[in-house]
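Asker: Got a structure for you, written out below as structure tokens; questions coming shortly.
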Amino acid sequence: MPLNKLTVCALFTALIAVLAQISIPLPISPVPFTGQVLGIFLAAILLGGKGGLLSVAAYLLLGAAGAPVFSFARGGIHMLTGPGGGYLIGFLPAVYICGRLMEIKSRPYIQRAVAGTAAALILIYFFGALQLALIMQYTPLQAFLVGVVPYIPLDLLKAVLALFLSERIKKSLQRNRLDHILK
């Protein structure tokens, strides 16, 4: 991978870490609302499957190693094995699948974007609710009601925001003849 692409991937790793600090605790769930999903969407849309995957893998490795990159400036392997760890682990397949769907140029952009962000959310919710149920000993319905339902409205808003921002970023890079750094 070219150095400029690696640099951009590192910037997205940092972006996800910063967005993780936008954290709002929920009284009904051990998992807070965070801005991370916006970073996941942006990485997938702008970097594609491989670049997005590299960014997220670096983010998770930094956090697992103890860097305070997860919500509320926390880090450590326990974050991946705790109640919210499934969501973090779900970021890996989510960013890759969303990014790969965005790379299919034979489909209109909006179709790729809707399919990609929807697939990403389904994967994040699946892994998140599954681990939440196992750790907290919730039934599947409880895990869905506590670990998925409250997050849907804000995550859909994040998807729309990511689509808007990614288009603005692409146009800005094109105007400044820097769009090659995303390829």
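No lab work stands behind these numbers, since they all come straight from the coordinates. These numbers come from a predicted model, not from an experiment. Positions of Cβ are generated from backbone atoms using ideal geometry, with glycine treated the same way; all protein chains shown enter the neighbour counts.
Asker: Could you please find all residues in the range 11-45 being of a type in the set (Ser, Thr, Tyr) and closer than 14 Å to LEU88 by Cβ?
Answerer: Of everything in the range 11-45, those that are of a type in the set (Ser, Thr, Tyr) and closer than 14 Å to LEU88 by Cβ turn out to be THR13, SER23, THR34.
A quick yes/no check of all residues on (1) surrounded by 22 or more Cβ atoms within 10 Å (Cβ to Cβ); (2) of a type outside the set (Lys, Arg); (3) more than 13 Å from the chain's Cα centre (by Cα):
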| residue | (1), (2), (3) |
| --- | --- |
| ARG107 | no, no, yes |
| THR117 | yes, yes, no |
| THR139 | no, yes, yes |
| PHE144 | no, yes, yes |
| LEU157 | no, yes, yes |
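Asker: Something else: Could you identify the single residue in LEU11, LEU88, LEU6 that is within 30 Å of LEU145 (Cβ to Cβ) and assigned to a helix (DSSP H, G or I)?
Answerer: Numbers: LEU11 fails: within 30 Å of LEU145 (Cβ to Cβ); LEU6 fails: within 30 Å of LEU145 (Cβ to Cβ).
Every option except LEU88 fails the conditions.
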